[in-house]
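Quick note: the coordinates plus some simple rules give every number you see, no bench work behind them. Here the structure is a predicted model, which means the values were calculated and not measured. Ideal geometry is used to build each Cβ from the backbone, glycine not excepted, and the neighbour counts take in all protein chains shown.
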Amino acid sequence: MADKAPSETKGKVDSNAKNDTLDNKKKKEEIDLTEDDIKVIQDLERIVGSITKEVESGNSDLPSLKELKKILLISESSMAEVTKYLKFLKPHYDTLSRLLKTTSNDSNRYALADILSFIGMIYGRDKSDALSYRLLANEKLGGKTQAIIDSIGEYGHEYARHLCVEIKKSHTENLEKEDDAEYMVVEDSIDNTKLIDLAKVIAQFFFQKGPELDAIDLLMDVECINDIPNYITTDIYERVCKYMLSCSQAVSLEDSRELLEATYDIYTKFGSSIERIPISLKLNDHDKIVKDFNDCKNDTERKQVAFLLCRQRFDISQIETDNEVVNDCLRGANISSYFLEVAKHLQILEPKKPSDIYKSNNDPVIPVSSSKDHLSNVFVSAFVNAGFKEDALGLTKDKVKNQSWLAAKGKNTISSTASLGMVLMWSNPEISADILGELLSSEHKNIRAGAALALGISNAGTLHEADLTKALLSDIVEDPSIGDSSDTQAKQTSILSLGIAYAKTNDEEVTNYLLPFLKTAKKSIKTTAFTSLALGFVHLGSGNAEIISTLLDLLSDLRAEDASQTLVRFTVLGLALVVLGRRDVIIYDSKSNNEDDKVADSEGLYVNISNIKEPLKGQVKVLVMACSLAGSGEVLAIQKLLRYINYSESVSENKEPTEAEKDNAAKPSTAAAGTSGEASAAAATGGAPLPGSTSGTKDRSKHQTSQGDLSQCFAVLGVALVSLGEDIGTQMVLRMFDHIMQYGNPLVRRTVPLAIGLVCTSNPKPAVIDVLSKYSHDSDINIAMSAIFAMGLIGAGTNHARLAQLIRQLFSYHHNSKAALFTARIALGMLHMGKGTITINPLHHERFLLSQTAIAGLLVSVLTYTNINDIIFSDADYLLYFMSLAMWPRYLVTVKEDKENNGELVLQRVDVQVGEAVDVVGKAGKHKTIKGFQSHQTPVILAQAERAEIATDEYIPCTKVLEGPVIVYKNPEHSKK
């Protein structure tokens, strides 16, 4: 007989070895069994055998099944004993399942299903066995909610949590199948209605027994957020609301709005107006804001709410109140007095000279050219002495030193005069008008222009009943025919001044002043750009259809040579600011090859870009989308913007990148091998040619190429805009920027440091400082200048010692570059903004709210550095003063009502603890919300990552968020003690 094939012999040997292994394992398990284990196995075999006989005989009582359930649910025994019974139930799970399928007795089926649901949590053959059996067992209870809760509660929280996992998975699968036509009818799927009903019952169980946050997660998973308020009680509402508000920043836009609405309803039922008003502002619901203000219990609460409305620049024309103190709080009339009290307390009232800021102990001041030297001194003095009513250059004791000092600055006269507005920030308009009125009538046209701008800057962030700013500027802007007028500069700065002073007011009178400048035949690109920008600020985030239509028509009618002008980007920004924060914006383009741009049947705010020519169309599309989703953290929007960054050619032609382009972009190192630097960088950006390169640009002008890339710059800034306010998203975006810096084209790389600065304004994180410091030494001087300016942004108003040292070191490193030295000085001035008492971070109220005026002002300042030579070093350097809209005191001031003086607010010193903020949302127990704290007396200065708490029970604050002015009142219990 022939020998067997080697493969057969090997297979037989492997099979025998496998059987031997299984036998050995079985023998080992038998050897490891203790007497107690053997007793448990015998008990289970006996019980399951009895259950089988009872079911087959038709017995409806099933005493053996009750015995098994009792054994599994012994509460007085150790957890190990219950686990042991479950461990040895595995061989009997299939037996019990077959009994359920074969029996026709409904009572027996329900009883078996009840216990199989619990056992199936561990041994289920199907991933949804526990859920299926639970739904079957619930049929016996007839939809009685409390009975189902008691039935689920018998098996404990872990069982309920396991059901939650299966419900979420089944619900997700059902939604996916509904989206696919071929899965519309699925026999083995569990009906969504049953899933949702069971989810609501389990949520009620959680709310009753303690783990409220699990209930919130479950209702969010099955899209029943609106039902949450129905289950909340007084004892748990605060904990639940904090968790829901935290979740709202990490979900989709639709879910976020539903969570905010549900939280608002809970606070309406159990909380106060002060707790509701931040949510109303987040929702941007004017009706709710007015209602919450009117629902305040007393004028004390209205004053506290008014401080927050002033910070958000809410349109107070919609609010009616006869209390003058409340009106002052709404208009921000007290900001300056509180700020000066803080300065007095910190002993920093003395004006600072630019030389005091530049100098270090060891390094001499390196001079720059005369013109840039004067200009940098002006900006540094303006930033450092902002709000102090006096500086060391032009203003002393509420009086301008002399006009000859201003006139001697030549073409820098406008910025020099406008700097007085920074020093007079938040002042009473009558004081500003008295000081600047003389300059408005000056014979020197540039002094008049600077004074007009200074008037608006001095009122940035505040509103006043007497519209002196409007009255003084109306004479200048009334005549729109500015063609050859000698007051062209004054008209242009007056336009910008109105935009700053009346930002987000929707003032019809100001709008009527500005609109004619867009319609006159004798218009210049600079004037139309500034007018568009001013209109964008006046109607900030309003979604005004008339303004949107006017600006779209303006962009559509631009000639090719006009569209290529540098300042046109501010016209695009003006349009984008009108829709800032409007989540319902729909960008419509009938000529696009992308079907997503042709959606015409959705409800929302339409922005029709069909008639705008390239390359402006791509710029409008990107910037409008980014501004509309600012602060939303929308992941899909960030992905789309990243795609625009990588494939500029596809953006300008409104088509998706090809697979070849994706492959090229994914392999930058391969593209670099054996090719020139230009070709390598082009491959890294999806095949887009670089500015100034000859490859692929023979039929294009150099300027058209750079304008096409401008949409990429907007996309980089857009990524920063969208990610604002969400900590995890911010961290991921910073990581993305590192990749963009490696593979992006030069214009994109020049924008990345600005985007980093926009994400971390007034928040100098060590890792970010290191990155920007590295970029500030880049061989590309434009990248270096962007990084230096970004260092000023992240350190603005912090007096950060290490950052100041790094910037001063750049004086020596860039001593050959006048522009870089100028930027370093500006950055140093921003670092010491308000002598360390002012922030430009748009996030406030514990980073929950985003100030639209602040982010808009920052955008203008950042855009000026996307082309520093044609903007800063041309004749529009004063656009940097738009940063004034983002500047705000970072103090905590406690005040109390003076009942003898009609409720006027007076300063009251209170003991507080200031430390690093700790996120305690969702954590069990009572945790400290700050760590590493120090005790102080108010007023105090708060850093971006710090939080304050009242350290005494003598006073009670009106609000739980201690930022800005906080009204306190005596604790009556403390008086009794």
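Once you put a point 7 Å from the Cα of Asp562 and another 7 Å from the Cα of Ser317, both along the Cβ direction, what distance in nm separates them?
Label at Asp562, label at Ser317, 2.9 nm between them.
Output ³J(HN,Hα) for the stretch 117-124: one whole-Hz value per residue in order, computed from phi by the Karplus curve 6.51 cos²θ - 1.76 cosθ + 1.60 with θ = phi - 60°, and x for Gly and Pro.
4, 6, 5, x, 4, 10, 10, x
Count the net charge of all other residues whose Cβ sits under 9 Å from the Cβ of Asp875, scoring Lys and Arg as +1 and Asp and Glu as -1.
After counting each charged neighbour, the total is +1.
Please tell me which of these pairs span more than 26 angstrom C-alpha to C-alpha: Lys282/Lys303; Lys445/Lys470; Lys353/Lys470; Lys282/Lys519; Lys389/Lys931? Can you show the working numbers first?
Details: Lys282/Lys303 20 Å; Lys445/Lys470 20 Å; Lys353/Lys470 32 Å; Lys282/Lys519 36 Å; Lys389/Lys931 36 Å.
Beyond 26 Å between Cα atoms: Lys353/Lys470; Lys282/Lys519; Lys389/Lys931.
What net charge do the residues around Met791 carry, taking every other residue with its C-beta under 14 Å from that of Met791, with Lys and Arg at +1 and Asp and Glu at -1?
Once positives and negatives cancel, what remains is +3.
In a shell of Cβ-Cβ distance under 12 Å around Ile232, excluding Ile232 itself, what net charge do Lys and Arg (+1) and Asp and Glu (-1) give?
Combined, the nearby Lys, Arg, Asp and Glu give -3.
Would you mind checking Lys101/Lys140; Lys359/Lys774; Lys242/Lys344; Lys269/Lys297; Lys269/Lys896 for any pair whose Cα atoms are more than 26 angstrom apart?
Values: Lys101/Lys140 16 Å; Lys359/Lys774 23 Å; Lys242/Lys344 37 Å; Lys269/Lys297 15 Å; Lys269/Lys896 28 Å.
From the list (Lys101/Lys140; Lys359/Lys774; Lys242/Lys344; Lys269/Lys297; Lys269/Lys896), the Cα-Cα distance tops 26 Å for Lys242/Lys344; Lys269/Lys896.
If you stretched the chain out fully between Gln42 and Asp475, how much longer would it get, using 0.36 nm times the residue separation minus the C-alpha to C-alpha distance? Don't skip to the answer; put the middle values down first.
Details: separation 433, 0.36 × 433 = 155.88 nm, distance 10.12 nm.
My answer for the length gained is 145.8 nm.
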